[in-house]
Amino acid sequence: MIILLNKPYDVLCQFSRDGERAVLADFVPVKGVYPAGRLDRDSEGLVVLTDDGKLQARIADPRHKLEKTYLAQVEGVVSEVALERLRRGVELNDGPTLPARAQGVAEPAWLWPRVPPIRVRKSVPDGWIELTLREGRNRQVRRMCAAVGLPCLRLIRWRVGDWTLEGLSPGAWRQV
């Protein structure tokens, strides 16, 4: 079984309750499925859930290099210099990243409002980057954006392999 969930902001990417925070079980009432990879509490978007351990490992294991596409709202002007650095790979404290596909994009027309909204500073512009990775280190997209001088304000995972968020509002899920 494969379930695609649009994980809302401030939801822990686990089924077990840990204090008062919302967890995946608050949105997906299906027993026996587990997330194939994690998405941070402060990130939103596509989480693939499955009851197939081999599929879960293939999706989550960086050795398989399954592509994941993210949309990042960043603080600052998205320059070609910053995008080129992302495309070449950047040096992080745990080593260099693999090259990524990176492009500046407009704010997505389908985007839902985030609750709570991001902090806005009128004196600092922001922009959007579409970033496609083939690895998945802890907070990697946020760290990569920061490394090129574009701190991440909002992060949404749009795609994992061939699956996308298309048609899923925050908290909604579907079986594929």
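Got a sec? Which residues in the range 33-66 would a label at Arg139 touch, if it sits 7 Å along Cα→Cβ and we count backbone N under 13 Å?
Output list for this probe position: 40-43.
Would you mind ranking Glu44, Glu75 by Cβ crowding within 10 Å, fewest neighbours first?
Ranking Glu44, Glu75 by Cβ neighbours within 10 Å, fewest first, gives Glu75, Glu44.
Could you compute the net charge surrounding Thr69? Neighbours are other residues with a C-beta less than 10 Å from the C-beta of Thr69; K and R count +1, D and E count -1.
Details: positive: Lys68, Arg101, Arg157, Arg159; negative: Glu67, Glu130.
Local charge sum for Thr69: +2.
Does anything in the range 118-150 have its amide N under 18 Å from the 7 Å Cα→Cβ label point of Asp10, and if so which residues?
Residues 118-120 qualify, since their backbone N sits under 18 Å from the label point.
Consider a paramagnetic label point 7 Å from the Cα of Ala147 along Cα→Cβ; state which residues of the range 85-103 have an amide N under 13 Å from it.
Under cut-off, by backbone N: 85-101.
Just to be sure I understand: if I project the alpha-carbon convex hull of the range 67-160 onto a plane and average over all orientations, what area do I get in nm²? Could the numbers behind the result be given before it?
Values: hull surface 24.5 nm².
For the Cα atoms of the range 67-160, the hull's average projected area reads 6.1 nm².
Suppose each label sits 7 Å from its Cα in the direction of the beta carbon; what would the Glu166-Val124 distance come out to in nanometres?
3.5 nm
Coordinate-derived values only; no laboratory data. Bear in mind that the values here come from a model prediction, so they are computed numbers and not experimental data. Cβ atoms come from the backbone with ideal geometry, glycine included; neighbour counts cover every protein chain shown.
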